[in-house]
Amino acid sequence: MTMQAWAVEHPGPIDTGPLRKVRRPVPEPGPGEVLVKVEACGICRTDLHLSEGDLQPKRPGVVPGHQAVGTVVDQGAGDRFTTGDRVGIAWLRGTCGVCEFCRAGNENLCPLSTYTGWDADGGFAEYAVVPQDYAYALPKDRPAEELAPFLCAGIIGYRSLLRANLPPGGRLGIYGFGSSAHLTAQLATAQGAELFVVTRGERNRELARELGAAYVGDQPPVPLDSAIVFAPAGDVVPHALEALKPGGTVAVAGIYLSDVPVLNYERHLFHERDLRSVTSNTRRDGEELFRLVARLPVRAHTTVVPFGKVDQALADVAHGRASGSLVAVLDG
């Protein structure tokens, strides 16, 4: 039995066609794994970085996609899920469980961690396999395309918000306003934050205003308590640091970032301003996020694309034509 999938054959600029549609055998679940029939898969900027070679694929012909929602149709030895359960497949795919980071609850820093759509084939396919311990149980009463963006954009945004150390009711700056940022903005405002958004695209600016941002423009008019840099541009970091009040924190959310310019100590770091990175996530982050999503008015603003146009959707991400979250939906 075979399936359709999108694979990275020759990483390069997205307009050169690095992502190709292929036919592959349907994978078989091993011990502790489940086979998932994919309903929908969110399209992430990380998939673009992988396709273009900013992140080098770990193996030839890897299938990207790490925000997949689907139904369990088969499983190896294991008892966490049964056939018919709805699950989510996220970025973090495996950790060693015994290193100092795993034992301390920081499995996102595990040196042996593996990732969906990078180390192993992901959700840009009709079927995907995932270790049962790294899948998320999802409700069946919400459309798959609404849930998919939370599996990476939502989880990473949530961890970034934690890393940004935002005080209750504080002023949060968000730099870049794509899929992850618009979900994080809703989480923050639902918990009382005042939102300041710096982004270039007019569609993104309109969405930020729609979601209640106090300011949308080029530079926040008041000092910020915290900021999150979602844009993959290192030259944004000094501006975010300079916008902080003393004791504020900037968290950099992306897995890929262009070089950060030389920082001026007095302008950017003095007065105990903190600059922090965000590395993947823990499963605890995802579980906490889905509990919040169940009780807070947070929803993904999605644009649904057919599975056959995943490559075009990634081009839209690359060229700034996308707003909110893009989600590929499979027929049937």
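Annotations for the structure displayed:
- Any hit, region 229-241, residues being surrounded by fewer than 19 Cβ atoms within 10 Å (Cβ to Cβ) and part of a loop (DSSP other than H, G, I, E, B): yes
- Number of the condition not met by Asn165 [criteria: (1) in contact with a helix residue (DSSP H, G or I) (Cβ under 8 Å, 6 or more places away or on another chain); (2) of a type outside the set (Gly, Ala, Ser); (3) surrounded by fewer than 24 Cβ atoms within 10 Å (Cβ to Cβ)]: (1)
- Checking region 40-61 against the condition returns a match, with at least one residue being free of Cβ contacts under 8 Å to residues at least 60 places away in the same chain and touching a strand residue (DSSP E or B) at 6+ places or on another chain (Cβ under 8 Å).
- Of all the criteria given as (1) surrounded by 22 or more Cβ atoms within 10 Å (Cβ to Cβ); (2) more than 13 Å from Leu211 (Cβ to Cβ); (3) of a type in the set (Phe, Trp, Tyr), the one not satisfied by Phe196 is (2).
- In region 94-114, the residues that are in contact (Cβ under 8 Å) with a residue 40 or more places away in the chain, surrounded by fewer than 21 Cβ atoms within 10 Å (Cβ to Cβ) and either acidic (Asp, Glu) or not in a loop (DSSP other than H, G, I, E, B) (or both): Gly94, Asn108, Leu109
- Of the residues making up region 199-228, those that are assigned to a helix (DSSP H, G or I) and surrounded by 22 or more Cβ atoms within 10 Å (Cβ to Cβ) are Leu207, Ala208.
- Region 1-41, residues that are part of a loop (DSSP other than H, G, I, E, B) and under 24 Å from the mean Cα position of the chain (by Cα): Glu9, His10, Pro11, Gly12, Pro13, Gly17, Pro18
- Residue check for Gly178: touching a residue at least 24 places away in the same chain (Cβ under 8 Å) and either touching a strand residue (DSSP E or B) at 6+ places or on another chain (Cβ under 6 Å) or surrounded by fewer than 17 Cβ atoms within 10 Å (Cβ to Cβ) (or both): no
- Per the conditions (1) assigned to a loop (DSSP other than H, G, I, E, B); (2) open to solvent by 60 Å² or more (accessible area, probe 1.4 Å), the sole criterion not satisfied by Pro57 is (2).
- Across region 60-80, the number of residues qualifying as out of contact with any Pro (no Cβ under 8 Å at 6 or more places or on another chain), open to solvent by 10 Å² or more (accessible area, probe 1.4 Å), closer than 17 Å to Tyr134 by Cα and assigned to a loop (DSSP other than H, G, I, E, B) comes to 2.
- Tabulated pairs, region 21-32, first without any contact (Cβ under 8 Å) to a residue 12 or more places away in the chain and open to solvent by less than 30 Å² (accessible area, probe 1.4 Å), second part of a loop (DSSP other than H, G, I, E, B) and not hydrophobic (A, V, I, L, M, F, W, C), C-beta under 9 angstrom, 6+ apart or interchain: none
The values are calculated or read from the model by the stated rules, or taken from the named source; none is laboratory data. The model shown is predicted, which means the values in this text are computed figures rather than measured ones. Ideal geometry is used to build each Cβ from the backbone, glycine not excepted, and the neighbour counts take in all protein chains shown. Areas reflect the complete protein model, heavy atoms only, side chains present, ligands, DNA and RNA absent. Shrake-Rupley method; radii C 1.70, N 1.55, O 1.52, S 1.80 Å.
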